[in-house]
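What follows is calculated from the coordinates using simple rules that are stated; it is not laboratory data. Remember, predicted model here, so these are calculated numbers, not experimental data. Reconstructed Cβ throughout: ideal geometry from the backbone, glycine too, with neighbour counts over all protein chains shown.
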Amino acid sequence: MKKIMIDLDETIVMDGYLKALNDYKHTNYKAEDIDSYFVEDILSSEEKEKFLDYFYDELNIYDTIKEVPNAIKTIKKLSEYYDIYICAAFVDERRVEKSKVMAMYKYEWIVKNLPFINPKKIILGSAKDIIMCDIKIDDKVSNLKNGYGEVKLLLDHRHNQKFDFEDLESLNIRRVYNWEQIESILLEGCEKE
Ligand SMILES: [Mg+2]
């Protein structure tokens, strides 16, 4: 079986960080309103520090996080044909000590919501570019940049718009827009075999 590495945030779940920011600021930002990877980059540096304290001390965004439409059922289908690894980064260099809670929250969410994934295939780690596998699915270009992976799918997101088709083609990365498209790319071939 071919191995697939699937990212968690903004690939399987979405808008957790955005909701945290909106709840904290009493605002109603939408994903498309913010260009940067970290939504809190719209805050002043002083406000950002306070937000990060709130984020790490008082919140578990995975309690109320939304699923990217059709992610879970598609991963379940894929798991019949592929060896699936869920790979979630958790180290925040701005809060190294406190980052450990994110490892726990993410692990708990994956175990609860993706019960068909062998827990031994949950990888909590931030250096995703060293991971060798056949297929990678992620919303962050730097996680897909290395030479490993014959198929690299970038889930379209506000923060990765700066990479155009040529940029991605030179890295052997294909932009995809939803999980229906991922399913057709990865399962059509399988069913024919
Ligand atoms: Mg991600």
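Taking the options 138, 156, 129, name whichever one is of a type in the set (Asp, Glu) and either surrounded by 15 or more Cβ atoms within 10 Å (Cβ to Cβ) or more than 17 Å from the chain's Cα centre (by Cα) (or both).
138
For region 7-40, how many residues are within 16 Å of the ligand (Cβ to nearest atom) and surrounded by 13 or more Cβ atoms within 10 Å (Cβ to Cβ)?
Residues flagged as within 16 Å of the ligand (Cβ to nearest atom) and surrounded by 13 or more Cβ atoms within 10 Å (Cβ to Cβ) within region 7-40 amount to 20.
Please go through region 56-86 and pick out each residue that is crowded, with 16+ Cβ neighbours inside 10 Å and without any contact (Cβ under 8 Å) to a residue 40 or more places away in the chain.
Listed by number, the residues that qualify are 59, 79.
On the basis of being away from the ligand (no atom under 16 Å from the Cβ), basic (Lys, Arg) and touching a residue at least 24 places away in the same chain (Cβ under 8 Å), does residue 48 make the cut?
Numbers: away from the ligand (no atom under 16 Å from the Cβ): yes; basic (Lys, Arg): yes; touching a residue at least 24 places away in the same chain (Cβ under 8 Å): no.
No; evaluated as a whole, the condition is false for this residue.
Does residue 30 qualify as being under 21 Å from residue 161 (Cβ atoms) and more than 15 Å from the chain's Cα centre (by Cα)? Full working, then the answer.
Working: under 21 Å from residue 161 (Cβ atoms): yes; more than 15 Å from the chain's Cα centre (by Cα): yes.
Against the criterion (under 21 Å from residue 161 (Cβ atoms) and more than 15 Å from the chain's Cα centre (by Cα)), residue 30 qualifies.
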